[in-house]
């Protein structure tokens, strides 16, 4: 099925990713944390975004018959799970309010979901134009 993704879903995906990333970053900017702690959370976000985009691409490549090595596929899954675990461990040990912990967790997950959807839409629309 090579159908172009609807503009509504493309827009919703970009908005989800942008809201998640921007919200997360504004929360970090305003947080009363040491700079190294802010750097940790920023790095976890960037690592998570890269991992899920890479995972989505490798899963899609396998479904479409493109060769993806087992080691790369496994590393993508490991990176995705590790980024989530690192966020959980960081938030578990953070000295911030529980509401802030929830804010970071949901902004992080929204960012990851949005990144996966944007990558999927990009791939679908590229396939539809061929």
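Worth pointing out:
- Tilt relative to the chain, helix 70-93 - C-alpha long axis, 0 to 90 degrees, to 10: 20
- Cα gyration tensor category, rounded, prolate or oblate, for the range 2-41 with a/c compared to 1.5: prolate
- For the chain, the C-alpha radius of gyration divided by 2.2 N^0.38 Å, with N the number of residues, is 1.17.
- Length available on full extension from residue 29 to residue 96: 0.36 nm per residue minus the Cα-Cα distance, which gives 22.7 nm.
- Taking the C-alpha atoms only, the angle from helix 98-129 to the longest principal axis of the chain is near 20 degrees.
- For the range 13-123, the relative contact order is 54 percent, taking Cα pairs closer than 8 Å that sit 6 or more residues apart in sequence and dividing their mean separation by the residue count.
- Label point distance in nm, residue 105-residue 12, each placed 7 Å from Cα along Cα→Cβ: 2.5
- Whole-Å distance, taken between Cα centres, linking the range 84-119 and the range 1-53: 10
- Helix 35-63 vs. the chain, principal-axis angle (Cα, 0 to 90°, nearest 10): 20
- Distance between the pseudo-spin-label points of residue 2 and residue 89 (7 Å out from Cα toward the beta carbon): 4.5 nm.
Only the coordinates and a few stated rules stand behind these numbers; no lab work does. None of the values given here were measured: they were computed from a predicted structure. Here the Cβ is made from the backbone with ideal geometry for all residues, glycine too, and neighbour counts use every protein chain on show.
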